[in-house]
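A short reminder: the numbers here are calculations on the coordinates, not readings from a lab. Model, not experiment: these values are computed from the prediction. Neighbour counts run over all protein chains shown; Cβ positions are idealised from the backbone, glycine included.
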Amino acid sequence: MADYPQTGITNRPPEHLILATFRFVHQDAEAARASLRALSGVVERELRSELDRTNPLEAKEIPSEETGELGFEDDYDRAHLTITLGISSSGFEHLGVVEENRPQDLRPIPWEQLGQAPTNPDAGDLVLQICADNLYVCEHVVRRVEEELGHEFSLVATTIGSQRYNSRPGRTSKREGRALIGFLDGTSNLDPRNSPEDAALVFIDPSRVGEYPPNPPTGELPGPSPYGGEGAPGPRFPELHPVPTREPDWAAGGTYMTVRTSTFETNPWDDLSQNAQERSVGRFKVTGASLDLEDKDPLLNDEPKFATEQGNQEVALAAHIRKSNPRGGEEDAKRRIFRRGYPLIAPADGALRRGLVFIAFARTISTQFEFIFRAWIRNPDFPAPGTGEDALLFGTLPEQILGGGYYFVPPLEHKTKPWTWRLPV
Ligand code: HEM
């Protein structure tokens with residue numbers, strides 16, 4: 001079976017994101033499938049720049065089919081529009097897909113286990129990740145779903161993301177793009193577009209499920225610790241979600257998507273010393289080099305010293321880059337994720353909200369995002385008892401969690417038709 005991933009995963013991230021979640025209106029499986037086919041039709045017309053007609057002169061007493069904000073001419077400039085569909089576990093339930101034919105690692109995001117209380121815990125049945133270099137083009141997609149498929153889907157939530165600053169439009173450079181906290185973001189990330197090895201950590205190949213790293217035993221890790229240098233006390237792990245042992249064939253080329261939307265206060269962050277900020281991230285603010293190297297531009301992409309000298313604590317054990325990727329050996333390397341999020345800048349009463357629409361793609365949830373978050377970032381006993389939680393996320397930059405969810409992004413039937421989502425019968 002050919003496995004064609006959806007296009008809005010590995011392409012250059014356009015300037016704007018609208019992330020919209022929807023719920024099926026119809027409860028029975030046949031009707032939900034028909035709704036999804038209708039959605040595929042709308043997405044096809046959006047991705048072909050096909051607009052609806054306005055009314056002829058003699059029919060103006062009825063509403064116009066086309067809403068009109070992109071004009072009325074087909075073949076309009078889509079500004080690199082991609083529309084990526086993800087389906088949550090409740091979505092698969094609505095579609096009537098039996099347990100054994102579902103993506104095996106998909107389940108509702110366990111907010112309680114993640115230790116987070118979002119303002120909107122509803123992940124919906126479907127998510128559309130709509131990206132384009134023009135926000136009107138993104139808006140039109142949501143508008144058309146609301147207008148034409150209002151009887152099929154109800155909108156649950158929307159979030160708008162804006163791409164990081166880059167000096168040349170149309171380009172997203174790892175050497176320039178900075179998170180709203182002022183640090184380069186995306187330095188150490190998977191590159192599934194250019195590296196087949198990285199792509200294998202992002203897209204599902206049912207014949208390679210046996211390669212997934214197993215969970216460590218709950219409690220203390222037996223034997224010498226791979227972290228913190230010779231003789232260092234070992235980590236303790238919480239009980240983790242079981243690792244999938246198989247995936248259905250139809251899921252080949254699909255991927256899991258984790259969404260986590262949060263805001264944070266920039267005033268207290270901006271008032272911290274640069275040293276304190278750098279210690280919590282684990283990188284130099286201006287050059288982006290790992291804190292255990294020299295503060296020099298050319299060292300941006302050099303591996304941190306702690307990768308080969310676990311005893312070196314110039315990058316603190318609790319620093320964000322060390323908590324989220326401790327580099328303790330081959331198994332840790334398999335837990336990496338592809339981060340493709342968008343900073344969030346949104347109005348609020350008497351304020352401007354800043355945050356992050358964290359979006360990650362990976363071939364599993366349990367051995368990647370959820371492992372990173374529960375076994376490492378939030379685990380006070382990792383990499384050694386008493387280390388504490390991640391010094392950025394649970395120290396210098398407390399977040400308010402708005403929402404998010406776990407989704408499965410199905411592969412395509414036809415490589416050049418990004419609305420032909422493959423689904424199980
Ligand atoms: C407000 C939220 C967050 C901010 C501002 C933030 C910021 C950053 C920054 C500045 C870096 C270093 C540059 C880089 O390598 O890209 C980084 C790396 C990373 N972050 Fe976050 N992050 C946030 C949330 C998260 C969350 C929730 C996760 C959960 C898995 C995460 C996982 C990672 C990973 C895996 C790396 C790469 C570490 C490495 O390989 O060195 N981040 N983040």
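Put simply, of Leu114, Leu106 the only residue that is under 24 Å from Ile9 (Cβ atoms) and touching a Ser or Thr at 6+ places or on another chain (Cβ under 9 Å) is Leu106.
Listed here are the residues, each with its yes/no results for (1) farther than 25 Å from Arg363 by Cα; (2) free of Cβ contacts under 8 Å to residues at least 24 places away in the same chain; (3) within 15 Å of the ligand (Cβ to nearest atom).
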position	(1), (2), (3)
Glu211	no, no, no
Glu220	yes, yes, no
Gly223	yes, yes, no
Pro233	yes, no, no
Leu240	no, no, yes
Val243	no, no, no
Arg260	no, no, yes
Ser273	yes, yes, no
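Taken across region 374-384, residues that are part of a loop (DSSP other than H, G, I, E, B) and either closer than 21 Å to Pro13 by Cβ or hydroxyl-bearing (Ser, Thr, Tyr) (or both) do not occur at all.
Quick check on Gln27: is it surrounded by 19 or more Cβ atoms within 10 Å (Cβ to Cβ) and of a type outside the set (A, V, I, L, M, F, W, C)? No; evaluated as a whole, the condition is false for this residue. Filtered by the rule that a residue be buried (at least 18 other Cβ atoms within 10 Å of the Cβ) and part of a strand (DSSP E or B), region 130-156 gives Ile130, Cys131, Ala132, Phe153, Val156. Candidates in region 337-370 are the residues that are of a type in the set (D, E, K, R) and touching a Phe, Trp or Tyr at 6+ places or on another chain (Cβ under 8 Å); of these, the one that is farthest from the ligand (Cβ to nearest atom) is Arg363. Across region 148-196, the number of residues qualifying as of a type in the set (Phe, Trp, Tyr), more than 9 Å from the ligand (Cβ to nearest atom) and farther than 30 Å from Ala34 by Cα comes to 1. Among the residues of region 280-330, those that are surrounded by 14 or more Cβ atoms within 10 Å (Cβ to Cβ), away from the ligand (no atom under 12 Å from the Cβ) and part of a helix (DSSP H, G or I) comprise Leu299, Lys305. Does Glu265 meet the test of being touching a residue at least 40 places away in the same chain (Cβ under 8 Å), at negative phi and surrounded by fewer than 18 Cβ atoms within 10 Å (Cβ to Cβ)? Answer is yes for this residue.
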